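A.B. asks: Sharing a structure below in C-alpha cells format, with a few things to ask.
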Amino acid sequence: FAALVNAEGVDGFTISGPGTIDGNGFRFWDEFWLRRKVNPKCTNLEALRPRLVYICNSNDVTVSNVRLVNSGFWTNHLYRCNRVKYLGCYIYASTDGYPKGPSTDAIDLDVCNDVLVNGCYVNVNDDAVCLKGGKGTWVEKNPDNGSNSRVIVQNCSFGKCNSGVTFGSEAWDCNNVILRNCKFKD
C-alpha cells in the first residue's frame with residue numbers, strides 16, 4: 001500500500017505544524033486482529049495496512065511540531081534518506097483496549113544517515129525508533145541495502161512502546177547511534 005503521505009526524491013521535504021495527520025488506523029487494526037483470530041499465524045505480510053508517512057531517496061528532510069496519529073502500519077518510514085530531523089513531534093497509536101495498533105512503529109530508519117530525533121513524544125504498539133538496513137535474507141549482500149549511521153535520539157518522552165531504539169530486522173550495519181536524555185513511562 002502507498003502511505004497517506006509519500007515523498008520520493010524530494011530534497012528539502014518538510015512537514016511542519018501545528019497540525020495533525022491522522023491515518024484512521026482503527027479500521028486497519030480491526031481487520032488485522034479479526035484476521036489473526038481466524039488464523040493465529042497471520043503476519044503483517046498478509047494484512048495490507050498503509051504507512052502514514054513514507055519518504056525515500058531524499059536529503060534534508062524535516063518533520064516538526066506535528067501530530068502523527070493512528071497509522072495503519074508503520075507511522076514514519078524513511079528509506080535511503082540523509083540529514084533527517086524529527087523535532088517536537090507527537091507520534092501516537094493505541095496501545096490499550098481494542099483494537100491496538102499492530103506494528104505501528106513511530107520512526108523506521110532504513111538506510112539513513114545523519115538523523116536527529118529531538119523532543120518528540122512517542123506512544124505506539126511496537127518500536128519507537130527502529131533501525132533497518134533494507135530487506136532480504138542476505139541483506140548485507142544486496143547493493144540496494146546499506147547502513148544507518150550518525151543517529152541521535154534525544155530529549156524524547158516515551159509512553160508505551162517496545163523500546164526507545166531498536167536494531168530491527170535486517171539491521172546489519174548501524175554505527176554512531178546515540179540515545180540520550182530520554183524519559184520512559186510504562
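The values are calculated or read from the model by the stated rules, or taken from the named source; none is laboratory data. Being a predicted model, the structure only gives us computed values, none of them experimental. Cβ: placed from backbone, ideal geometry, glycine included. Neighbour counts: every protein chain shown. SASA here: full protein model, heavy atoms, side chains in, ligands and nucleic acids out. Shrake-Rupley method; radii C 1.70, N 1.55, O 1.52, S 1.80 Å.
A.B. asks: Roughly speaking, to the nearest percent, how much of the chain's 1.4 Å accessible area is carbon and sulfur? Mind showing how you got there, number by number?
C.D. replies: Numbers: 4460 of 8880 Å².
Here carbon and sulfur together make up 50 percent of the probe-accessible area.
A.B. asks: Does segment 68-168 come out rounded, prolate or oblate, given a ≥ b ≥ c as the square roots of the eigenvalues of its C-alpha gyration tensor, rounded meaning a/c under 1.5 and, failing that, prolate meaning a/b above b/c?
C.D. replies: Values: a/c = 2.35, a/b = 1.41, b/c = 1.67.
Because a/c hits 1.5 or more and a/b fails to exceed b/c, segment 68-168 counts as oblate.
A.B. asks: Check cross-link reach from LYS37 to the aspartates and glutamates: straight Cα distance under 15 Å, and skip same-chain residues fewer than eight apart.
C.D. replies: Filter leaves GLU46.
A.B. asks: Express the accessible area of the chain per residue in Å², computed with a 1.4 Å probe while the remaining protein chains stay in the model.
C.D. replies: Values: 8880 Å² over 186 residues.
Value for the chain: 48 Å² per residue.
A.B. asks: Could I ask something else about it? Using Cα positions and a limit of under 21 Å, work out the lysines in reach of LYS85, with same-chain residues fewer than 8 apart set aside.
C.D. replies: Reachable lysines: LYS132, LYS183.
A.B. asks: In square angstrom, rounded to the nearest 10, how much accessible surface does LYS185 have for a 1.4 Å probe?
C.D. replies: 130
A.B. asks: OK, next. Among ASN155, ASN142, ASN76, whose mean-square fluctuation peaks in a Gaussian network model of the chain (Cα, cutoff 10 Å)?
C.D. replies: Between ASN155, ASN142, ASN76, it is ASN142 that shows the largest mean-square fluctuation.
A.B. asks: Okay, next question. If the limit is 21 Å between Cα atoms, which of LYS100/LYS160; LYS41/LYS100; LYS135/LYS185 go over it?
C.D. replies: Details: LYS100/LYS160 12 Å; LYS41/LYS100 17 Å; LYS135/LYS185 32 Å.
Over 21 Å Cα-Cα: LYS135/LYS185.
A.B. asks: Averaging sequence separations of C-alpha pairs under 8 Å and six or more residues apart, then dividing by the length of segment 1-53, give the relative contact order as a whole percent. Walk me through the numbers before you get to the answer.
C.D. replies: Numbers: 29 pairs, mean separation 35.0, N = 53.
Normalised by residue count, the contact order of segment 1-53 is 66 percent.
A.B. asks: Using unit Cβ charges (K, R positive; D, E negative) and no other charged atoms, how large, in debye to the nearest 20, is the dipole of the chain about its Cα centre?
C.D. replies: Working: 20 positive and 19 negative charges, 84 e Å.
The calculated dipole for the chain is roughly 400 debye.
A.B. asks: May I pose another question? For mean projected area of the Cα convex hull in nm², the listed values are (i) 9.9; (ii) 10.6; (iii) 11.3; which was obtained by calculation from the structure presented?
C.D. replies: (i)
A.B. asks: When the helix-only estimate is applied to the chain (DSSP H runs of n ≥ 4, each -39,500 (n - 2.57), divided by the residue count), what is the mean residue ellipticity at 222 nm, nearest 500 deg cm²/dmol?
C.D. replies: On the way: 1 runs with 13 residues, N = 186.
The helix-only estimate for the chain comes to -2000 deg cm²/dmol at 222 nm.
A.B. asks: With a 1.4 Å probe and every protein chain left in place, tell me how much accessible area PHE167 has, in Å² to the nearest 10.
C.D. replies: Accessible area of PHE167: about 120 Å².
A.B. asks: Give the aspartates and glutamates reachable from LYS141 as a straight Cα distance under 18 Å; neighbours fewer than 8 places away on the same chain don't count.
C.D. replies: LYS141 reaches ASP110, GLU170, ASP173.
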